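The values are calculated or read from the model by the stated rules, or taken from the named source; none is laboratory data. Since the model is a prediction, treat every value here as computed from it, not as a measurement. Cβ placement follows ideal geometry from the backbone for every residue including glycine, while neighbour counts extend to all protein chains displayed. Heavy atoms of the whole protein, side chains included, go into the accessibility calculation; ligands, DNA and RNA do not. Shrake-Rupley method; radii C 1.70, N 1.55, O 1.52, S 1.80 Å.
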Amino acid sequence: MVGQIWGRARASHREGIVARKKSLAGQLVKAYQDSKKAKAAEQKRLEQEQARRARAAEQARTREERARTQQEREQAREWERARKEKERQDTERARKAAQIERELEKRQTAKKQDEERRKRDDAKAKATAERQAKLARTEALKAEAVDRTTQVQERIESLEAILLQRPTVLYGHRTAVEDAFNSSGPDGLVEAIEGSLAELPDPEGLRGEWRAAFAPETRELVVEMDLPGQEVVPPVAQFRFKATAPAAVVPQPRKEAEVKQQYARLVARLALRAINEVLAASPPSLVDVVAFNGHVRSKDRATGKAIRPCLVSVRSSREDFEDLVLDEPMLDPVQCLRRLNAIVSQHPYDLEPVRPVVTFDLSKYKFVPEVDVVAGLDSRPDLMTLDPIEFEHLIRRLFEAYGMKAWVTQASRDDGIDAVATNEDPMTGGLCIIQAKRTKNTVPAEAVRALAGVMHDKAAAKGILVTTAWFGKTSLDFAQRTGRMQLIDGRGLKALLQEQLGIDALIGLPKVPPGWVPEDLK
């Protein structure tokens, strides 16, 4: 209990001590708090004073700031007004400058557009002018092509009409020609006929010099005439317009074969017309036969020398010639001359000459009789006196008499062929190669073998070798073995000429060949 009481007493004592301590502490705390509050109040007062002063200073600064700001604002406003005014002025100047620039640009654009429009118009006008000029040139070239083609065609037609457009006034000259002969003899007759022919219009510039001679004892008039050269036939068939650049009129060459054919037919027409004119102007009581020789003045291509080859020679009686219908358009002048047994160059365009049937010395008007290859003059022709070309033509006529179509090859590049003939029979016909040997000696076997080689090369159905001489046994045996070759010696040729052409020919060999008799040469 005591312990409890003691314990309570000590607890109470401790509580009293604690209470006193709390009281003292409270006083101290209170005093500190009061002191602190006083200091805080003083501090607050000081702070408030400072704050007041600060506010006053701040207000002063604020007023100054406001004044300065107001001044700055005024100044800024002045500057802004000045800037805006300057900007306005600059904008106005820029606007005016831009407007001026736009105006200038607009003017330049309009000027450029006008320039471009003018250039377009000029280009269009130029293009139109060029098109029109090109069209006009094209039309002009086309017209030129047509015109030049027409001229060529008219030239060809005029050449083809030479024989049909014969003069009819010559018949009225016969009395004057007869009177001239009665008064001045042959010279007067020739002069009167030449005068009559000279009065005729020149047919297309084709009439050359005339020369004539008359033999009253034979009633034969010989005439020589210069024929036109090959250039008389237009080498151009037509002219055509070439549209590809550069546009032009270009000639279309005539085929060489056509040119040569046209020239050959022209030579034949001129020969027939000349004979017709001479017979028309001469009295039938004086002139019964006309011999015509047609020559061409040219230059030898091999030597450059002047030449005058005879291209056609014909001798015809008045009766035979007047039997011809020269006005018939279907008349073939070449065939007509053949009917008159004329000697005609097979290649007149190449100036291949023939020997005239009759020639004469113009200075003395004396006739010099020559061998008539085909026509058959009063004297018997000797085959050995014919030149190689005449002999080939004679062989051609012989095979034509058999109904074959034959022609003589050119003197060069003929592969050893003298003539070619075709038989148009559908069963037995074909190409036939012909070689003519005008020789006084036996034909060598090599010539026969060469003909066989040409036959093989040309795929000919038959080969014929004709000669004025004879063949040896080797040649005859070789020809028999081939089965497609025929050898005709001089005796056989002589018989064929008599049979087919009515030519009683001589063979002037220096000796009688083996197996022949002298009568075989006569």
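Figures for the structure shown
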| item | result |
| --- | --- |
| Solvent-accessible surface ranking, highest first, for ARG265, ARG273 at 1.4 angstrom | ARG265, ARG273 |
| Mean ellipticity per residue at 222 nm, deg cm²/dmol - from DSSP H runs of n ≥ 4 across the chain, formula -39500 (n - 2.57) | -18500 deg cm²/dmol |
| Principal axis dimensions, the chain - Cα atoms, whole angstrom, descending | 220, 80, 42 |
| Helix 174-198 vs. the chain, principal-axis angle (Cα, 0 to 90°, nearest 10) | 10 |
| Loop sites in the stretch 200-257: GluC sites (Glu not before Pro), DSSP, at most 14 other Cβ within 10 Å | GLU209, GLU217 |
| Using alpha-carbon coordinates, inclination of helix 256-281 to the longest axis of the chain, degrees | 40 |
| Hits among lysines - C-alpha to C-alpha of LYS37 under 25 Å, sequence gap 8 or more where chains match | LYS21, LYS22 |
| Carbon/sulfur fraction of accessible area - the chain, other protein chains in place, 1.4 Å, % | 53 |
| Mean accessible surface per residue for the stretch 474-522, computed with a 1.4 Å probe while every protein chain stays in place, in Å² | 56 |
| Between helix 2-160 and the chain: long-axis angle, C-alpha atoms, 0 to 90°, nearest 10 | 20 |
| Förster-model FRET efficiency, 56 Å R0, ARG63 and ALA97, C-beta, rounded to 0.05 | 0.70 |
| Rounded to 5, the percent of DSSP beta bridges in the chain classed as antiparallel | 65 |
| Over 30 Å (Cα to Cα) - which of LYS305/LYS494; LYS86/LYS112; LYS126/LYS242; LYS437/LYS458; LYS299/LYS458; LYS260/LYS440 fall in this group | LYS305/LYS494; LYS86/LYS112; LYS299/LYS458; LYS260/LYS440 |
